[in-house]
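The values are calculated or read from the model by the stated rules, or taken from the named source; none is laboratory data. Treat the numbers as computed from the prediction; the structure is a model and nothing was measured. Please note: Cβ atoms are built from the backbone with ideal geometry, for glycine as well, and neighbour counts cover all protein chains shown. Only protein heavy atoms, including side chains, enter the accessible area calculation; ligands, DNA and RNA are left aside. Shrake-Rupley method; radii C 1.70, N 1.55, O 1.52, S 1.80 Å.
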Amino acid sequence: MSSTSHRFAFTLCLQSLALLLPSAAYAQTVPAPAAAPAERPDAVQLSPFEVRADDDAGYQAANTTAGSRLNSRLKDTPASISPFTKEFLSDIAATDLESMLAYATNVEREVEDATNGFNNPPGRDSTGNDYRFRVRGVAGSSSVNYAQSGVPVDLYNIERAEMASGPNSILFGLGAPGGTMALTSKFAELRRTRTSTKAVFGSWDYNRFEVDHNHVLVPGKFSVRLLGLYQDAKGWRKWDLNEQKRLTGAFSYQPWRNTAVRGSYQSGSSANNISLPWNALDSLNTWIAAGRPVADATAVPTTTGFGTGNRYTLLSQESLMVNFRSKFYSARAPANTLLSPAMMGYAYNLTGPGGLRTQNFNDWQVKVEQRLTKGLVAEVAYFHNVNRILTRGNINPNLFLTGDPNVTLTTMSGATIPNPRVRQIYLEDNWGRDPFKDINDTLRLSAAWEFSLGRWFGRHRLAGLAEGARQDRVRRWQNEILVDQNNQALSNAANPDGAANQPWRRRYVTEGQFDTYFAADPTQEIVPFTSGASTVRSTFVSRTRSNTHTIQDARSLMFAAQSFWLRDRLVTTLGYRVDNITFDTYGQGRIADPKDPRYTSGRFVLNEWDFDGTIERNQYSPTTFTAGGVLHATSRVSLFYRSEEHTSELQSRFGISYAVFCLK
C-alpha cells in the first residue's frame, strides 16, 4: 500500500471514529430555537438530496448539490460551481444547453477544430446527438439527476442547472475532465395547482411552445404534472433546422409524513440537420479562369481525370445513373482552399435537406425517499432511458465545388450520350447512414445522516451511495453501395463497403442561386437499373470494423463527509469513491460463407461486416479521494482549498489541488 493510501485510510478511520460515537445517534442537526412555531403534521419534508428552485432568490443561488450530493451552501463548498437559477434561465430565454452555456464562464462550443484537422465528424454522426462543449478548452459533459442518459437535453422539463467545472469523479464517476453540467428534473409539486405557458418567437422562423401544468389532487399527499414542448425552428443557414415534440408526465405521492414517492416519464422525437460548419472547397477557379475548357477522350489543362475504375454517379435532376470512368473534372486548388463568399455564400448548409438526424427517445424514473429519524434519510431511485438515432449524411468532410468539362456521358448500358450539363458546376458526395441505439439503466441507493456533537466537536453530515449502472450501445455505421440480383456488391464483392461499390450523388447548381448549392439528397431513390447481366439496386452495408456493440457495467460505492467547526466558520469535506467497471466489446467479422443464413435471408450482403459472437472483456477499478476545506475569515472573505487524487489500472496516479481566495 502506498504512503498516500495509508494517509487516506488513517484520516478516514479517525474521522469515522469521531463521527460515529454512540452519543451522537439521536443528536439534532441544529438545536431548535425555543420560540420556534410548532411544525404542522402535514408539512412537506425537504429532501437533503436536492435543492429546490423556489429557494433561489432571483439570479442568486445559495445552495448546491454539485459539491457533495447533499444540499449544501455554495459558500461552504470547496469547488468551482456556477448555478443557473430558474429566473435567470427564463430571462435569457434559454431552452437548451447551447443557449444556456452561452452565459457560462470558460465554456465554448466544440466545433471540431481540435480533432484531427476538421476530419473527425462527431457533430455529423449519431454520436453527436447533443450539444458538445468545452470547459477551459477541455471536453465537458452533462448529466441529468447524476445518471447516464442518451436523451438530448432540453430545459422544458429541467428544474435547475449547475455547472461543476473541472474533474469531479466523486460525484459523477466516469465523465469528461472539463466539467459536468448537472441538471435536475421537474417533478410534481404537492403545495399548489398552477399552470404556465410559454411561447418563443425568434429570427429565422424560430417557433417554440411550452406548457407546464401542476395539479394537486390531494393537498400535501398526491399531485401530477404535465409538461409539453413543440418546437419548429430553422437556423441562420439554409437547410438548418431543429424540430422537437416532447411530452413529460410526473407525479408525487406522500402517503405518510416521512415517506415520499416521485416519478416521471418522458417521450419525444426530434430532427435536426447535420451541418458542415464551413464553406465548399475550391475545385473551380482555375478552370473558370481558363474559359471552362471541355474534354472528351483526353484531359486538357485545368482538368483532371477520374481514373479507369468504375465511378457510378446519380445525376439527381435527371434521375439518371451514369459511369464517369475515364471522364474528367475541373482541377482542384493546390491545397484545400475554401471558396470566397462571392462563389458560395456562407449562409447555406452544404448537406442540403437530406442530411438529417432523427431521434426517438423515452425515459422514466422513480424515487422513493424515507426519513428514518430526524437526521437520517435514505433514498432508492431507478432511472431508465433509451434513444434510437438515425443519421443520414455525406461521408466526406470536405465537399468541392467543381466544374463538369465532359462533352459526353456513358450510360450504365455502355451507350455514349451528349452531356446536357457540360460546363456547368456541381456538388457531389457519397452518402451513408448511421443507426445507433443507446440504453441506460441506473439503480441507486443513497443515505444521508446529519448530527451534532456539540460546540467543540462540530456539526457533521455524512452521505453514502451504492449504485449499479448499465449502458448498452449498438451502432452500425453504413455506406450506401450498389448490389446485384444476388445481393453481392457490384464492383468488388470481397470488400462491399469499399469505394468501388459506392455510388456518387451529384447535383448541378444554379450559379449564384446559393440555395441550390448542396450535395444532392440521399432520400432520392436510385431506380433499379441493368448493367450487363446484372440487375442493380442500392442498399446500405456496414463499414469495415465500424459495427460497435458495447455493454458497460459499473458498480460504485461512494462516501462523503462535510463537517462544520468553529461555529461554521471552518467547513471541511472528505470523499472517497470506487467504481468497479466491466466493459464488454462484441467482436465482428465478415459474412464470407454464402450459406450463412444472414446472407441467404437477404438481411446482409455477402462479405459484409457483422458481429461474430465473440466478446472481449476489460475490467478496471478506478478510485477517487478528495479532501477540502473552506475558511470564512470574515463575513466577506473566504479561503478554500481542495485536493483530489485519482488512481486507475489504465493510467498512473494523478492528483489535482488548488487554493482560492474569495471576496464576497
Note to self: Testing the spin-label approximation: label points 7 Å from Cα along Cα→Cβ at Lys221 and Thr105. State their distance in nm.
What the structure shows: 4.8 nm
Check: For Arg567 and Thr535 in the same chain, what is the full-extension length gain: residue separation times 0.36 nm, less their Cα-Cα distance, in nm?
Finding: 3.0 nm
Notebook entry, point to check: Using r as the Cβ-Cβ distance of Ile288 and Ala93, and R0 as 45 Å, what FRET efficiency do you calculate, to the nearest 0.05?
Noted result: 0.50
Item checked: Equivalent ellipsoid dimensions for the stretch 489-535 as semi-axes, Å, which come from the Cα gyration tensor, largest first -> 29, 13, 9
Check: Under a plain spin-label model, where a point goes 7 Å from the Cα along Cα-to-Cβ, how far apart in nm are Glu159 and Leu557?
Finding: 3.0 nm
Note to self: Given Cβ point charges of +1 (Lys, Arg) and -1 (Asp, Glu) and nothing else, what value in debye, to the nearest 20, does the dipole of the stretch 385-531 about its Cα centre take?
What the structure shows: 760 debye
Margin query: I'd like the chymotrypsin sites (Phe, Trp or Tyr not before Pro) in the stretch 449-543 restricted to DSSP loop residues with at most 11 other Cβ atoms within 10 Å, sorted by number.
Written below: Trp456
Check: Based on the Cβ-Cβ distance of Thr337 and Arg257, what FRET efficiency does E = 1/(1 + (r/R0)^6) give at R0 = 45 Å, to the nearest 0.05?
Finding: 0.05
Check: Mean shadow of the stretch 433-528, computed from the convex hull of its alpha carbons, in nm²?
Finding: 15.4 nm²
Item checked: For the stretch 441-487: rounded, prolate or oblate by the Cα gyration tensor [a/c cutoff 1.5] -> prolate
Note to self: Suppose the chain between Ile395 and Ser267 were pulled fully straight at 0.36 nm per residue; how much longer would it get relative to their current alpha carbon spacing?
What the structure shows: 43.0 nm
Item checked: Carbon + sulfur, % of accessible area of the stretch 405-554 - ligands and nucleic acids excluded, 1.4 Å -> 51 percent
Note to self: Can you compute the radius of gyration and Dmax for the stretch 158-300, using only the Cα atoms, both in Å?
What the structure shows: 25.8, 88
Note to self: I need the fraction of alpha carbon pairs in the stretch 320-383 separated by more than 16 Å, rounded to a whole percent.
What the structure shows: 79 percent
Margin query: With only alpha-carbon atoms in the gyration tensor, what are the semi-axes of the equivalent ellipsoid for the stretch 514-640, in Å, largest first?
Written below: 60, 26, 8
Margin query: Straight-line reach only, C-alpha to C-alpha below 20 angstrom: list the lysines that Lys198 could link to, leaving out same-chain residues fewer than 8 apart.
Written below: Lys86, Lys186, Lys234, Lys245
Checklist line | Heavy-atom accessible area ranking, 1.4 Å probe, most first, across Lys374, Lys327 | finding: Lys374, Lys327
Check: For Phe457 and Val366, what is the calculated FRET efficiency with R₀ set at 41 Å and r taken between the beta-carbons, to the nearest 0.05?
Finding: 0.60
Check: Taking the Cα-to-Cβ direction at Tyr230 and at Thr193 and moving 7 Å from each Cα, how far apart do the two end points lie in nm?
Finding: 2.4 nm
